[in-house]
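Worksheet: one structure, shown below.
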Amino acid sequence: MSFFGFGQSADIDIVLNDAETRKKAEHKGEDGKKDKHFLFYDGETVAGKLCVTLKNPGKRLEHSGIKVEFVGQIELYYDRGNHHEFVSLVKDLARPGELTQSQTFDFDFTHVEKPYETYSGQNVRLRYFLRATVGRRLNDISKELDIVVHTLSSYPELNSSIKMEVGIEDCLHIEFEYNKSKYHMKDVIVGKIYFLLVRIKIRHMEIDIIKRETTGTGPNVYHENDTIAKYEIMDGAPVRGESIPIRLFLAGYEMTPTMKDVNKKFSVRYYLNLVLIDEEERRYFKQQEITLWRKGDIVRKSMSHQAAIASQRFEGTPRVEKPLAKEDDS
């Protein structure tokens with residue numbers, strides 16, 4: 001940074017202690033571009049070094065203190081002036097004084113709580129980052145390093161199937177069934193559709209996966225629907241008694257776990273939307289909410305011991321709350 005003709009007199013860099021071995025994860029930024037960032041889990045320690053390099057060796061750098069912060073914050077795009085911090089930790093590395101040469105400072109945020117998953121959506125962003133600051137009289141020297149946080153869950157065996165009957169009186173009666181209501185993000189949705197009564201000419205049928213992002217509260221609630229996937233079930237007219245299998249692989253789609261009422265700021269929910277289109281282009285649909293979760297068992301093999309302990313806190317009590325009740329109507 002340079003203000004009023006005064007340039008920075010030092011460069012600062014944040015280096016994590018396990019940067020060479022720590023796994024990275026792709027994350028889409030606010031501009032839509034994907035970048036890779038270091039991946040952390042709830043309860044893991046974040047430790048490293050802050051390197052302050054003087055641009056003019058031999059010239060002293062006066063400062064009002066040197067610190068590193070670990071921040072978790074939510075930014076609502078319609079309220080950009082306010083950043084809602086749910087994690088804010090500070091380590092003071094040096095008291096006010098002066099540096100006569102380049103110097104490295106160690107920092108350590110032990111077993112940091114990271115309660116929510118990193119998220120970047122249509123109207124909201126949740127991010128975690130380290131911010132290093134060298135306090136200066138005119139303008140501070142600062143640098144940020146973003147990290148990605150994944151929340152892990154491990155559900156109990158109980159995972160009820162979804163079974164519903166829908167239709168139009170005396171015209172159409174179908175029954176659809178999905179094998180379960182909660183799916184991990186590399187899971188397969190398996191189901192069947194039974195045609196019990198068909199008196200209208202159906203031309204096309206598909207299942208969509210819809211992501212619904214909800215931000216705000218009260219009268220200032222915003223909903224953004226995004227169709228993640230379209231899966232064609234049938235192209236042509238079904239007959240009474242016909243049964244059509246469904247097999248939809250989730251691994252190929254960009255999704256997050258279901259996120260409910262995150263810090264009372266936003267939610268992300270997923271729905272299976274069954275769509276029927278008749279020959280007169282009329283559309284009939286039925287929506288059913290499902291729960292998505294990030295499976296921790298596979299990841300644990302490559303996790304550090306402390307992360308494995310942290311992930312066990314989710315056993316049987318996942319971040320995604322209670323099993324969802326079936327919706328009667330959409």
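The values are calculated or read from the model by the stated rules, or taken from the named source; none is laboratory data. Since the model is a prediction, treat every value here as computed from it, not as a measurement. All Cβ positions, glycine included, derive from the backbone under ideal geometry; neighbour counts span all protein chains shown. Just the protein is used for accessible areas: all its heavy atoms, side chains included, with ligands, DNA and RNA removed. Shrake-Rupley method; radii C 1.70, N 1.55, O 1.52, S 1.80 Å.
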* **Residue count for the stretch 128-143, restricted to those that are assigned to a strand (DSSP E or B), open to solvent by less than 30 Å² (accessible area, probe 1.4 Å) and not hydroxyl-bearing (S, T, Y)** => 5
* State all residues of the stretch 173-198 that are open to solvent by less than 20 Å² (accessible area, probe 1.4 Å) and within 15 Å of I233 (Cβ to Cβ); if no residue qualifies, say none. => I174, F176, Y178, I189, G191, I193, F195
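Kindly indicate which of K114, K180 is free of Cβ contacts under 8 Å to residues at least 24 places away in the same chain, not acidic (D, E) and not in a strand (DSSP E or B).
Among K114, K180, only K180 is free of Cβ contacts under 8 Å to residues at least 24 places away in the same chain, not acidic (D, E) and not in a strand (DSSP E or B).
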* To do: Looking only at the stretch 260-282, count how many residues are open to solvent by 10 Å² or more (accessible area, probe 1.4 Å) and under 16 Å from the mean Cα position of the chain (by Cα).
  => 7
* Asked: Of everything in the stretch 99-121 that's among the acidic types (D, E) and open to solvent by 80 Å² or more (accessible area, probe 1.4 Å), which residue is farthest from K49 (Cα to Cα)?
  -> E113
* Asked: Do we have L89 as closer than 30 Å to K260 by Cβ and not hydroxyl-bearing (S, T, Y) here?
  -> yes
* Asked: Residues of the stretch 56-78 being over 20 Å from the mean Cα position of the chain (by Cα) and either assigned to a strand (DSSP E or B) or under 16 Å from V124 (Cβ atoms) (or both), which ones?
  -> L61, E62, H63, I66, K67, V68, E69
* Asked: Any idea which of (1) in a loop (DSSP other than H, G, I, E, B); (2) open to solvent by less than 70 Å² (accessible area, probe 1.4 Å) is the one G81 doesn't satisfy?
  -> (2)
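Table: residues versus (1) charged (D, E, K, R); (2) surrounded by 15 or more Cβ atoms within 10 Å (Cβ to Cβ).
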| position | (1), (2) |
| --- | --- |
| E165 | yes, no |
| I209 | no, yes |
| T214 | no, yes |
| P219 | no, no |
| M234 | no, yes |
| I246 | no, yes |
* **Where D328 falls short, out of the listed (1) modelled with pLDDT under 90; (2) surrounded by fewer than 17 Cβ atoms within 10 Å (Cβ to Cβ); (3) not in a loop (DSSP other than H, G, I, E, B)** => (3)
* Restricting attention to the stretch 248-293, and to residues there that are among the β-branched types (V, I, T) and at pLDDT below 90, which single residue is farthest from R127 (Cα to Cα)? -> I277
* What residue, among those in the stretch 144-177 that are among the hydrophobic types (A, V, I, L, M, F, W, C) and part of a loop (DSSP other than H, G, I, E, B), is farthest from Q73 (Cα to Cα)? -> C171
